[in-house]
Amino acid sequence: MQQERYYSVRMRAARNGTYEGDGKHISGGELLSTYNNIKQAVNALLDKALTHSRGNPDFMQIQFEAITEPIECIPPLTIKTHEVESADRGKELSQELLAKAGIQRKVIEKAYRYLEKYSNMRGAMLVDIHSGERVDDRGSKGVRVSRMDWLNDNFEKWAAHYGLPNHSRMKEALILASKVSAYPATVAELCWSDDPEYITGYVASKEMGYQRINKLKEYGDEQGCRIFFVDASREWDRYLYYLEKQPVFIHWEGKRDGECEDG
């Protein structure tokens, strides 16, 4: 059982306008924190926003709110890294992996075309696996996955066990991919960062795990991508609630008392 109340701490930063308006997205972040650690969480998110390679923000919002729902514990996805020689080959591989996850080629091609139309997405676009149509109604805002975290000591044990770098980028990406893939309506995810200095991305699914690709765009490219390929016929309202509201801890090798309980 949860012995201590947790809080969702969130940060959004933009330049030349608000995050929700027409400003340029600079950074965002999500943490779950106990009350005693909120200051530490806020400082970590503040530092992330003020040192981002996309530029200096002139608008930032940091907020926290108490979590009243039971926090679910889910395991991290398995991970595999693919080394490719170019971003073009990385995109080809991403399409091969999506097809392996069960997405039709015509749906994959249609989803890639959406990237040209929505070049400044701040969240995820949701694409139906049957029709290839975008099924969320959020425009350039997209769907923002929230209320998720992975306690540092457990992440560090996981990384050490698999001989992987203790890197915040990998941690943040794996937290989100693990949460998203855990819900039955998610068939697969395609993602790469809008950070111009970070060109690694991934394809993820519950069955295939987290397939990390070292090059999915060129250095200097500020266009990111986050597409969830979904079965839109399944519990749509509940799915959106899960992505945006359901609190989740990623935890490797079971759970520890005081972190979360079965949801």
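The values are calculated or read from the model by the stated rules, or taken from the named source; none is laboratory data. Small disclaimer: the values here were computed from a predicted structure and weren't measured. Here the Cβ positions follow ideal geometry from the backbone for every residue, glycine too, while neighbour counts run over all protein chains shown. Just so you know, the surface numbers come from the protein's heavy atoms only, side chains and all, with ligands and any DNA or RNA stripped out. Shrake-Rupley method; radii C 1.70, N 1.55, O 1.52, S 1.80 Å.
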If I build a Gaussian network model for the chain, linking alpha-carbon pairs within less than 10 angstrom, which residue out of Asn36, Asn166, Asn56 has the largest mean-square fluctuation?
Asn36
State, as an integer percentage, the relative contact order of the stretch 6-68 based on alpha-carbon contacts under 8 Å between residues 6 or more apart.
48 percent
Note, ³J(HN,Hα) from phi for the stretch 118-132, Karplus 6.51, -1.76, 1.60, rounded to Hz, x at Gly and Pro:
10, 7, 10, 5, 9, x, 9, 9, 10, 10, 6, 6, 8, 9, x
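Using DSSP, restrict attention to beta bridges with both residues in the chain and report what percent are antiparallel, rounded to the nearest 5. Display every interim value, and only then the final one.
Values: 35 of 48 bridges.
Approximately 75 percent, going by the DSSP bridge assignments.
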Where in the stretch 124-158 does the amide nitrogen come within less than 13 Å of the point 7 Å from the Cα of Gln104, taken along Cα to Cβ?
128-133
Pairs of Cα atoms under 8 Å, at least six residues apart: use those to get the relative contact order of the chain, whole percent.
26 percent
The answer for GluC sites (Glu not before Pro) in the stretch 100-153 that fall in a DSSP coil and have at most 14 neighbouring Cβ atoms within 10 Å is Glu133
Note: Thr68 to Tyr162 extended length (0.36 nm per residue) minus current alpha-carbon separation gives 30.4 nm
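By its C-alpha gyration tensor, with a ≥ b ≥ c as the square roots of the eigenvalues, how is the stretch 54-207 shaped: rounded for a/c under 1.5, else prolate for a/b larger than b/c, else oblate? Working shown, then result.
Working: a/c = 1.36, a/b = 1.19, b/c = 1.15.
It comes out rounded by the Cα gyration axes.
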Solvent-accessible area per residue for the stretch 1-92 (1.4 angstrom probe, square angstrom):
55 Å²
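Under the rule a/c < 1.5 gives rounded, and otherwise a/b versus b/c splits prolate from oblate, where does the stretch 69-143 land using the Cα gyration tensor? Before the final figure, lay out each step's value.
Numbers: a/c = 1.57, a/b = 1.06, b/c = 1.49.
Oblate is the answer for the stretch 69-143, as a/c is 1.5 or above yet b/c matches or exceeds a/b.
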Computed ³J(HN,Hα) along the stretch 224-235: with the Karplus parameters 6.51/-1.76/1.60, θ = phi - 60°, integer Hz and x for glycine or proline, the list is x, 8, 8, 10, 9, 8, 10, 8, 6, 7, 10, 6
Residue by residue through the stretch 169-181, which ³J(HN,Hα) values in whole Hz follow from phi under the Karplus form 6.51 cos²θ - 1.76 cosθ + 1.60 (θ = phi - 60°), with glycine and proline marked x?
4, 4, 4, 4, 5, 6, 4, 5, 4, 5, 5, 4, 5
Which values of log₁₀ I(q)/I(0), to two decimal places, follow from the Debye formula for the stretch 6-68 at q = 0.16, 0.20, 0.21, 0.26 Å⁻¹ with a uniform point scatterer at every Cα?
-0.49, -0.70, -0.75, -0.98
State the answer as a single residue: which of Leu77, Leu45, Ser27 lies farthest towards the positive end of the charge dipole of the chain, with beta carbon charges of +1 for Lys and Arg and -1 for Asp and Glu, about the Cα centre.
Ser27
